[in-house]
Amino acid sequence: MLNALRRVDRKIYDALVGEVRREQVDIELIASENYVSQAVLDVVGSVWTNKYAEGYPGRRYYGGCEFADVAEKLAIERAQELFKAEHVNVQPHSGSQANMAVYFSCLKPGDTILGMALDHGGHLSHGHPKNFTSSVFDIARYGVDKETELIDIAEVHRIAKERKPKLIIVGASSYPRKIDFEAFAQVARDTGALLMADIAHIAGPIASQLHPDPVPHCDFITATTHKTLRGPRGGLIMCKEKYAKSIDSSVFPGIQGGPLIHVVAGKAVSFEEALEPSFRKYQEQIIKNAAALGEVLQEQGLRLVTGGTDNHLLVVDLRSRNLTGIQATRILDRVGITVNNNQIPFDPLPPMKSSGIRIGTPAMTTRGLGEKEMRRLGHLIVSALDHADNEMRTRQIREQTLDLADRFPVYPGILRRLYEQDRGAYDF
Ligand code: DSN
């Protein structure tokens with residue numbers, strides 16, 4: 001296993017073995033991460049990494065693209081079927097680049113965009129002061145209501161009327177409730193703006209009809225393929241046919257050169273997996289698991305932003321425990337539970353400290369955990385936070401998370417095979 005790598009570069013091999021082990025023995029609760037199937041891993045690690053394929057299927061600037069064309073066409077057709085989208089571009093290397101391609105397809109420097117503020121749940125590429133969007137465009141922002149912590153569409157409408165954005169962005173990275181795309185479309189129509197939905201986090205539930213559909217309401221939809229969609233790391237753009245040409249030329253040659261065909265092929269495989277009925281069951285379980293975990297945290301006195309969740313993630317306010325988000329992240333790291341520190345709306349603390357953590361269930365649901373295990377995890381999280389100074393308790397909790405990780409393997413047998421190959425070199 002990994003024999004060539006082991007021979008050629010022992011340092012990277014060791015780091016990779018460390019990562020394989022980490023992914024197996026830790027409990028992954030970062031809301032934006034997931035575990036791809038072995039089929040996706042196979043194709044992303046394939047010879048397609050060798051191929052240049054600038055252009056689009058049937059219209060490439062390089063020879064030898066006949067198999068790249070097969071992969072990209074399948075990725076496009078499957079995404080169209082999955083989302084019922086008129087036009088799909090599968091080449092963006094990431095979610096941010098998908099967003100950038102949309103902006104450059106329809107905006108000029110200096111135009112106004114209206115997006116959700118990062119500290120209220122939005123994303124860097126929706127207009128954060130330190131992101132390229134702020135150097136190129138005029139930025140208007142909306143947030144959530146201080147009381148309900150929900151998007152207040154009347155307030156979005158008011159800001160849109162005042163700032164007259166050319167493009168409104170709807171979508172979030174840490175918003176635990178359903179998003180009303182139709183209401184945003186009304187605001188966009190009323191104020192003469194274009195509308196883009198960034199569904200990076202909720203692409204899986206949308207593909208499974210478990211979340212309101214943005215496709216009928218938005219001019220552009222961007223997504224990442226590696227979160228709830230459970231594909232390889234990358235981006236995706238969907239749009240109405242009338243924007244197809246401008247989106248395609250904005251991606252290439254606008255902001256990218258050759259597509260990563262190994263990743264495009266991985267996207268095709270993951271879309272095929274997402275078209276299976278089992279994918280909808282998986283999405284349902286993600287949502288049930290988040291609700292079960294949230295209930296336990298609330299029973300134990302932790303406040304959840306918006307009071308709960310409708311989707312795959314929770315934002316937990318830690319102020320009642322006198323902990324910052326970064327402290328909690330480090331405490332949970334020690335017991336093998338991986339989360340990220342996250343600002344809560346109107347957070348008095350800066351992003352690197354923050355008053356909250358974000359917890360998501362897509363990855364552990366892939367490993368087969370159900371509501372029972374999620375409830376148990378909820379108790380372990382609270383216990384770890386409450387007894388962080390107790391070394392013995394911390395060790396006991398780590399034993400329990402190890403047991404849980406062991407019962408739900410990521411890639412079954414992989415650690416045993418590595419261990420047999422490297423007998424004695426690693427302490428598995
Ligand atoms: N960094 C991603 C997330 O964690 O949500 C967003 O790009």
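Read-outs throughout are calculated quantities, based only on the coordinates presented, and are distinct from any laboratory measurement. Quick caveat, the model's predicted, so the values are computed rather than measured. Here the Cβ positions follow ideal geometry from the backbone for every residue, glycine too, while neighbour counts run over all protein chains shown.
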Using a cut-off of 13 Å between alpha-carbon atoms, which aspartates and glutamates can reach K288, once sequence neighbours fewer than 8 places away in the same chain are excluded?
D310, E371, E373
Testing the spin-label approximation: label points 7 Å from Cα along Cα→Cβ at E276 and I255. State their distance in nm.
3.3 nm
Could you derive backbone 3J(HN,Hα) for region 393-408 from the dihedral phi with the Karplus parameters 6.51, -1.76 and 1.60 (θ = phi - 60°), listing whole Hz in sequence and x where the residue is Gly or Pro?
4, 4, 5, 5, 5, 4, 4, 6, 5, 4, 4, 5, 4, 5, 6, 10
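Structure shown: which of K166/K242; K51/K73; K73/K281 lie over 24 Å apart, alpha-carbon to alpha-carbon?
Violating the 24 Å limit, Cα to Cα: K73/K281.
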For region 174-255, report the convex hull volume of the alpha-carbon atoms normalised per residue, in Å³, without decimals.
114 Å³
Among the lysines, which have Cα under 20 Å from the Cα of K130 when same-chain residues fewer than 8 positions away are ignored?
K108, K353
Roughly how many Å is it from the Cα centre of region 269-286 to that of region 199-261, as a whole number?
17 Å
Whole-percent tail of the Cα-Cα distance distribution for the chain, cut at 32 Å, equals 40 percent
Amide H proximity to V170 below 5 Å, modelled H, separation 5+ or other chain, gives M196, A197, D198
Mind ranking 205-216, 396-407 by how tightly packed they are, going by the mean number of other C-beta atoms within 10 angstrom, highest first?
205-216, 396-407
Semi-axis lengths (Å, descending) of the ellipsoid that matches the C-alpha gyration tensor of region 173-222
19, 11, 10
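As a test of the definition: which semi-axes, in Å, follow for region 147-210 when you take the square root of five times each eigenvalue of its alpha carbon gyration tensor? Largest first, please.
22, 14, 10
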Given Cα pairs under 8 Å that are at least 6 residues apart, what percent is the relative contact order of the chain?
22 percent
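Distances over 28 Å make up what percent of all Cα-Cα pairs in region 1-134?
Result for the distance tail: 44 percent.
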Using a 10 Å cut-off around each Cβ, can you sort H387, H262, H120, H201 from fewest to most neighbouring Cβ atoms?
H387, H262, H120, H201
